[in-house]
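Undergrad: The structure's right below; bear with me while I get my questions together.
Rule-based calculations on the coordinates, nothing more; no lab input. Just so we're clear, the structure is a prediction, and the values are computed from it rather than from any experiment.
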Amino acid sequence: MSAVMELLLLLPLVLLALEAPLCHGACVEVDSDTEAVINDGFKLGCIYCKMRGEVDATATVKWSFKGSGDSDFSELYIYEDARGKIIDPRFYERLDWNGSKHTMDLQDGSIYILNVTYNDTGTYKCKFSRTLKYSNYAYEKTKEKNITINVVARLTRGMASILSEVMMYVSIIGLQFWLLVEMIYCYRKISAAGEEALRESAEEYLAIASESKDNCAGAQVAE
């Protein structure tokens, strides 16, 4: 009986473990690379994680660009309502969306530049505009991030980029380890509660059986 109870208690945890790979990965804000190689593709990373996962939200991402010879930023790209639009003619047919897909609740606003040229050197500004939708009101939040890109003939990966990537993987592994510890803790707690309930049921059954036996013995003596 105890083995069957343990299997029943373990079943939900097994199902949770099977479902885990289907869930979305944890959101981690990492800095974008800053060195692009001439004639190659380059990803401009811009991530803005939503802290309240249970709250519905929509977001818009706008990119601006200031070249090395420009005095001010000019509109580059906008992504809203699951559609992207290239605004700067210098990037026509060379820019693509590389962020969150199949959702209006954007957390990754990255874009991808094709066939990088030396004219792409400069500062890119990513602006997230998020609307959190509560039951009685909506709350607007914005965040801006500047990324300065240097176009080179050959990639020389910086230490900051390497550390950012390492920290991203450490954070993901840490979250998965924490989930595993929580699952084990919950299983042990539920299992202990189940064993206690079985023990109490057994003691109650024995008490009832003993009382019935005493009543039968008393009835025989009275006769």
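Undergrad: Using 0.36 nm per residue of separation minus the Cα-Cα distance, give me the extension gain between ALA153 and ARG52 in nm, one decimal. Write down the numbers at each step before the final one.
TA: Details: separation 101, 0.36 × 101 = 36.36 nm, distance 4.24 nm.
Taking ALA153 through ARG52 to full extension adds about 32.1 nm, to one decimal.
Undergrad: Here is a further query. Which lysines, if any, have their Cα less than 25 Å from the Cα of LYS125, not counting same-chain residues under 8 positions apart?
TA: Excluding near neighbours in sequence, the set is LYS43, LYS50, LYS62, LYS66, LYS85, LYS101, LYS141, LYS143, LYS145.
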